[in-house]
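The values are calculated or read from the model by the stated rules, or taken from the named source; none is laboratory data. Source: prediction; values computed, not measured. All Cβ positions, even for glycine, are placed from backbone atoms using ideal geometry, and neighbour counts span all protein chains on display.
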There are 2 protein chains.
Amino acid sequence: MNSIDEATRLQIMRLLADNPELTQRELAEALGISLGSAHYCLRALIRTGLVKADNFRHSSNRRRYAYFLTPTGLAEKVRATRAFLERKQAEHEALQQEIARLRQELGEERS
Amino acid sequence: MNSIDEATRLQIMRLLADNPELTQRELAEALGISLGSAHYCLRALIRTGLVKADNFRHSSNRRRYAYFLTPTGLAEKVRATRAFLERKQAEHEALQQEIARLRQELGEERS
DNA sequence: CCGAGGTTGTTCATTCCCTGAACATGCATG
DNA sequence: CATGCATGTTCAGGGAATGAACAACCTCGG
């Protein structure tokens, strides 16, 4: 994940909003990407001030960081969600047209 | 395009079915992929007998090949179109759910 | 005929991005 | 203290995509 993918960024923010104690490995698995990519993307979020990594060594378990969205991060999450929704709606419409075209091409009724 | 992408293969076959005189460069541009990828994918189609390259040096223009779908290619195109349609329908439904979830998350009415 | 110019197919070094194994670090437990 | 373990961090390696460069062929004007 180099040219930080917008969708991945957003998914990470959404996951962390609900569960800040997720591990990088858990994030990676949840998103279906590699550990390296998750790390890189998370690093970018921290660098740009959208996520803050709080370490809690006093905690009883061995996890070292909890990744909280900053206020800026929360706002960005809303903004990105809106943009993402718009893209998804466009995709949805395009798909509808494509499906209609394919159906016509096959000369079939709707299943 | 190494592990020959199913979708790309199908798109090429669909384009050629309507216009066998398309250039590799034109195919690439139409699909939004590189010349090298289009070449590679077309080569695979020819190798597997789905497309036949007819050269017509006697033609008045300078293009060298017309890429026709073979009978096998035509059948494969229908089969692949069906599979493609099914995938697209699944995508469509998944998108619908995702859009609903995003809308709810944003607490917005439908636009 | 010939050479210049143009169009196309073909190759392949380069780039980009992802992957996950290996390593570093800190905590808990005995 | 030492061992084990969960986690964060790094980075060499590989696969796929790119497009510049090359090869082959055609046309056309001279």
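For the criterion of being more than 13 Å from DNA strand D (Cβ to nearest atom), over 23 Å from B:Lys88 (Cβ atoms) and part of a helix (DSSP H, G or I), B:Glu26 passes. If I filter segment B:37-52 for residues that are modelled with pLDDT of 95 or more, crowded, with 16+ Cβ neighbours inside 10 Å, more than 14 Å from DNA strand C (Cβ to nearest atom) and part of a strand (DSSP E or B), do I get at least one hit? There is no residue in segment B:37-52 that is modelled with pLDDT of 95 or more, crowded, with 16+ Cβ neighbours inside 10 Å, more than 14 Å from DNA strand C (Cβ to nearest atom) and part of a strand (DSSP E or B). So, in segment A:65-84, of the ones that are surrounded by 16 or more Cβ atoms within 10 Å (Cβ to Cβ) and more than 15 Å from the chain's Cα centre (by Cα), which residue ends up farthest from the other protein chains (Cβ to nearest Cβ)? Across segment A:65-84, the extreme among qualifying residues is A:Tyr65. The residue of segment A:1-13 that is nearest to DNA strand C (Cβ to nearest atom), among those that are surrounded by fewer than 17 Cβ atoms within 10 Å (Cβ to Cβ) and within 18 Å of A:Ala83 (Cβ to Cβ), is A:Ser3. Condition test on A:Leu95, is it of a type outside the set (Gly, Ala, Ser), modelled with pLDDT under 95 and buried (at least 16 other Cβ atoms within 10 Å of the Cβ)? Yes: the conditions hold for A:Leu95. Scan segment B:4-23 for residues that are away from DNA strand D (no atom under 13 Å from the Cβ) and not in a helix (DSSP H, G or I) and jot them down. Scanning segment B:4-23 gives B:Asn19, B:Pro20, B:Glu21, B:Leu22. Would you call B:Ala75 under 22 Å from A:Glu98 (Cα atoms), out of contact with any helix residue (DSSP H, G or I) (no Cβ under 8 Å at 6 or more places or on another chain) and not β-branched (Val, Ile, Thr)? Criteria met by B:Ala75. For the criterion of being farther than 13 Å from A:Ile12 by Cα, modelled with pLDDT of 95 or more and more than 10 Å from DNA strand C (Cβ to nearest atom), A:Ala30 fails. Among the residues making up segment B:85-98, those that are facing chain A (nearest Cβ under 10 Å) and under 16 Å from the mean Cα position of the chain (by Cα) are B:Leu85, B:Glu86, B:Lys88.
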